[in-house]
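Every read-out reported here was derived from the displayed coordinates using simple, explicitly stated rules and does not represent laboratory data. Predicted model only: the values in this text are computed from it and were never measured. So basically every Cβ, Gly included, is an ideal-geometry build from the backbone, and we count neighbours across all protein chains shown.
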Amino acid sequence: MTPPPDAARSLLRDAFARRYRYPNSFGGFRARCRVGPPGIEEFAATVAMLGAGDVDAVLEHDAGDPTLAEWLVQELRAISRQLWGHDFERGEGQFAMTLDDSPHPLGPLVLLHDDPHQATFRVRKGRITMATRRQHALLEVVRVDRWHLRPDGRWLPAQFTAEVWEAGVTRPLRSDRYWDLYWPVDGELFPQLRRVTATDAGGIETSMSMTLRSWQPAEPADDTPRS
């Protein structure tokens, strides 16, 4: 049976609507942080997350490795863009899309058309289980294995894997395994832990983590909608 013409859009729009997102009025927070290879050497830092991509991090002592602070800022930005999210209609919703509802354990497949990244999404039980995007010869594949579920049904990824593949190569160039924890503060979820285990094409594995605590909500933002 051919899916109805609007089946793909309805499925993907509903999954995006179920994402946990901060309200527009939420001004973000500041927190204490420890960052570094877990169980080896961690450094204290102060961090701020004030909006999608609007983050700051200051190490209290010189770690001797500038990539540590760079990693911390990179991951804070990634989390912030997930927590503030973006508008579906101005993002994925602007493209034509079709649905492949062939049976699959991760759910039916939504394919975006005219999207420069040729994105696809698998959706099951109102949650995005897999997403892919292309950039020239590279393919990024994100597969979500576990979620944080709120009482109202909204969700956040809790465990997921991001892989980068190159056309013609039989193993991923890089595979990053993520574990995220969140803590409820004043009715919202604040990031508590992110641990990433990265494996490169040569099979070399490295791990990094950041742990946040002592969150202090920032001043409320104005009512300007966030995109």
* Quote the charge dipole size of the range 7-215 about the Cα centre in Debye, to the nearest 20; the model charges only the Cβ of Lys and Arg (+1) and of Asp and Glu (-1). => 780 debye
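What number, rounded to the nearest 500 deg cm²/dmol, is the helix-based mean residue ellipticity at 222 nm of the chain, given -39500 (n - 2.57) per DSSP H run of at least four residues and division by all its residues?
My calculation for the chain gives -4500 deg cm²/dmol from helical runs alone.
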* Structure fact -> Going from the fewest other Cβ atoms within 10 Å to the most, one would list MET49, MET208 as MET208, MET49
* the range 50-60 - phi-based ³J(HN,Hα) in whole Hz, Karplus 6.51/-1.76/1.60, Gly and Pro as x -> 10, x, 5, x, 9, 9, 8, 8, 10, 6, 6
* Convert each backbone phi in the range 88-104 into a coupling constant with the Karplus relation 6.51 cos²θ - 1.76 cosθ + 1.60 (shift: θ = phi - 60°), then list the ³J(HN,Hα) values in order as whole Hz, x for Gly and Pro. => 4, 5, 8, x, 4, x, 7, 9, 5, 8, 10, 10, 9, 9, 4, x, 7
* Structure fact -> Which of ALA52, ALA158, ALA167 fluctuates most in a GNM of the chain (C-alpha springs under 10 Å)? That residue is ALA167
* Rounded to whole Hz and in sequence order, give me ³J(HN,Hα) for the range 133-139 from the Karplus expression 6.51 cos²θ - 1.76 cosθ + 1.60, θ = phi - 60°, writing x for Gly and Pro. => 9, 10, 9, 6, 8, 9, 10
* 10 Å Cβ shell holding at most 13 others, DSSP loop, GluC sites (Glu not before Pro): longest site-free stretch of the chain -> 90-227
* Charge dipole (the chain, unit charges on Cβ, about Cα centre) - positive-most of ALA15, THR120, HIS104 -> HIS104
* Asked: Around ARG174, which amide H atoms from residues at least 5 apart in sequence, or from another chain, sit under 5 Å from its own amide H, with H modelled in the peptide plane?
  -> VAL164
* Asked: Using a simple charge model, +1 on the beta-carbon of Lys and Arg, -1 on the beta-carbon of Asp and Glu, nothing else, what dipole does the range 106-155 show about its Cα centre, in debye to the nearest 20?
  -> 300 debye
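Order by neighbour count: HIS113, HIS148, fewest other Cβ atoms within 10 Å first, most last.
Arranged by neighbour count, lowest to highest, HIS113, HIS148 become HIS113, HIS148.
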* Contour minus Cα-Cα distance for LEU138 and ALA158 (0.36 nm per residue) -> 4.7 nm
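Using Cβ counts within 10 Å as a stand-in for footprinting exposure, how do LEU11, LEU111 rank, fewest first?
Numbers: LEU11 22, LEU111 17.
Ordered from fewest to most neighbouring Cβ atoms within 10 Å, LEU11, LEU111 come out as LEU111, LEU11.
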* Asked: Put a dot 7 Å past each Cα toward the Cβ at SER214 and GLN94; how far apart are the dots in nm?
  -> 4.3 nm
* List the residues whose amide H sits under 5 Å from the amide H of ALA52, counting only those 5 or more places along or on another chain, with H placed 1.01 Å from N in the peptide plane. => none
